[in-house]
Amino acid sequence: MAKAVKGSRAESQDWSDQSQEIGRRARAAARVLAAASTNTKNDALVTMAAALRNSTDTIIKENAADVAAGKAAGLSAALLDRLALTKDRIEKMARSLDEIATLRDPVGEIIEGYKRPNGLQIMRLRVPLGVILAIYESRPNVTSDIAALCLKSGNAAILRGGKESLRSNLAIHKALSEAATSQGLPADALQMVDNPDRDLLAALLREDRWIDVVIPRGGEELIRAVAEQSTIPVIKHYKGVCHVYVDELGDLDMAEAICFNAKVQRAATCNAMETMLVHKNVAARFLPRICRRLAEAGVELRGDERTRRVWPQAKPATEEDWYAEYLDLVLSIRIVDDIQEAIDHIATYSSNHTDAIVSQDLKHVQQFVRDVDSSSVMVNTSTRFSDGGEYGLGAEVGISTDKLHARGPMGVRDLTTYKWVVYGNGQLRT
């Protein structure tokens with residue numbers, strides 16, 4: 001795989017030359033990858049996993065420099081947590097690569113096939129998207145995840161991480177690149193852009209001749225900027241405003257555990273709960289116990305007027321709070337009259353990412369699943385499970401809240417499209 005893509009502001013006044021070169025190299029590599037055998041790709045993934053494990057000390061050293069720079073720059077504790085790597089986190093990255101190697105290869109799968117009355121044999125065949133430009137912030141494990149998913153699905157990847165994780169990304173990329181090339185994969189199948197200049201990124205976003213799709217991962221500001229500048233199709237989610245609704249017929253012990261996990265387990269993720277909705281008939285019993293536990297964990301609580309009557313320590317929630325993706329230990333709480341009011345609240349304020357219900361009533365569950373239009377709808381479990389690895393995809397290249405081309409956590413199958421193949425025996429159209 002490729003060396004990191006070099007560049008500096010001083011050496012290039014015209015970023016289009018460099019962006020075109022990156023794109024051309026990726027396109028050539030994509031053609032080779034699309035034809036690579038399943039065994040070749042799987043061998044590369046296993047070798048890449050081993051390389052991560054063998055490079056753990058180097059990666060942690062480079063990551064420590066990124067974290068120190070992040071602290072000096074005033075990054076929040078939540079963002080620093082997303083940035084930090086440990087031996088356990090690197091081992092989890094390696095296990096993801098091993099798991100992706102075991103997944104069924106989607107390339108070449110016959111989606112459907114049928115015979116027409118005139119004898120034509122028609123089929124839809126799964127093929128790679130081609131070249132994927134991934135733009136992401138903070139989390140260096142994304143470098144490994146996207147590299148592996150693109151490789152398995154036969155796509156070339158251009159990776160552009162954030163400047164706050166540059167040292168970590170380069171160390172991870174070096175390990176993966178050397179491992180993959182040792183298995184005979186093309187040198188430019190994985191390119192890492194090591195220049196954080198925004199003008200270079202803007203030039204890449206105009207390379208629709210060479211790049212097939214852009215997948216941004218990060219804050220809403222980044223994703224909106226990418227969507228506005230790109231001439232290439234963008235698969236995205238702007239933010240994760242995730243809800244948990246505690247129904248009047250919910251198991252309150254279960255609800256407490258789920259809500260605490262959804263908010264506290266890792267608050268800086270896009271699938272963390274940002275708003276908790278509680279049925280009025282259980283609010284007096286449920287809110288004191290969950291609010292006390294959340295407050296003890298350092299969560300700042302903001303509630304509507306009815307919530308503050310039950311838990312006066314909560315700050316008043318504003319209209320802006322219902323739209324907010326905090327990515328931090330902050331939670332909005334609202335008491336609702338019934339399940340329909342909960343669904344209506346979600347329809348108004350949700351970002352269609354992940355929303356959950358805690359209920360033992362089958363009719364209420366069915367109503368929630370039917371009427372909540374989110375990419376993931378959870379029943380009696382935490383929103384934190386909305387994740388490619390947890391869904392058995394090995395990892396994810398991102399979570400899409402779009403309805404075209406993919407939706408929800410995106411794994412190897414979501415990085416493919418299809419083409420029609422028609423077999424004939426001399427038939428002519430009349």
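All of the numbers you see were taken from the coordinates with simple rules; none came from a lab. Small disclaimer: the values here were computed from a predicted structure and weren't measured. Please note: Cβ atoms are built from the backbone with ideal geometry, for glycine as well, and neighbour counts cover all protein chains shown.
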Students often forget the sequence filter, so: which lysines lie under 26 Å Cα-Cα from Lys61 once same-chain residues fewer than 8 apart are removed? Lys3, Lys6, Lys71, Lys87, Lys92, Lys163, Lys174
For the chain, what relative contact order do you get, as a whole percent, if you take Cα pairs closer than 8 Å and at least 6 residues apart? 20
In a GNM of the chain with a 10 Å cut-off on Cα contacts, which of Pro316, Pro409, Pro186 has the highest mean-square fluctuation? Pro316
Quick check on packing: order 114-126, 56-68, 230-242 by the mean number of other C-beta atoms within 10 Å, highest mean leading. 230-242, 56-68, 114-126
Using θ = phi - 60° and the Karplus relation 6.51 cos²θ - 1.76 cosθ + 1.60, list the HN-Hα couplings for segment 265-277 in order, rounded to whole Hz, with x at every Gly or Pro. 4, 7, 5, 8, 9, 6, 9, 6, 5, 10, 9, 10, 10
State, to one decimal in nm, how far the label point of Thr40 lies from the label point of Thr86, with both points 7 Å from Cα in the Cβ direction. 4.0
Relative contact order (%) - criterion: Cα under 8 Å, at least six apart; region: segment 242-385: 34
Check which residues have an amide H placed less than 5 Å from Asp208's amide H, if you skip close sequence neighbours. none
At the level of C-alpha centres, the distance separating segment 193-233 and segment 285-336, in angstrom, is 36
Please report the net charge: other residues with Cβ closer than 9 Å to the Cβ of Leu393, K and R +1, D and E -1. -4
Which residues qualify? For Val336, with a placed amide H closer than 5 Å and at least 5 residues away or on another chain, they are Val278, His279, Lys280
Karplus-derived 3J(HN,Hα) from phi for segment 375-386 (6.51 cos²θ - 1.76 cosθ + 1.60, θ = phi - 60°), whole Hz, x at Gly and Pro, runs 5, 9, 10, 9, 10, 6, 7, 6, 4, 5, 7, 6
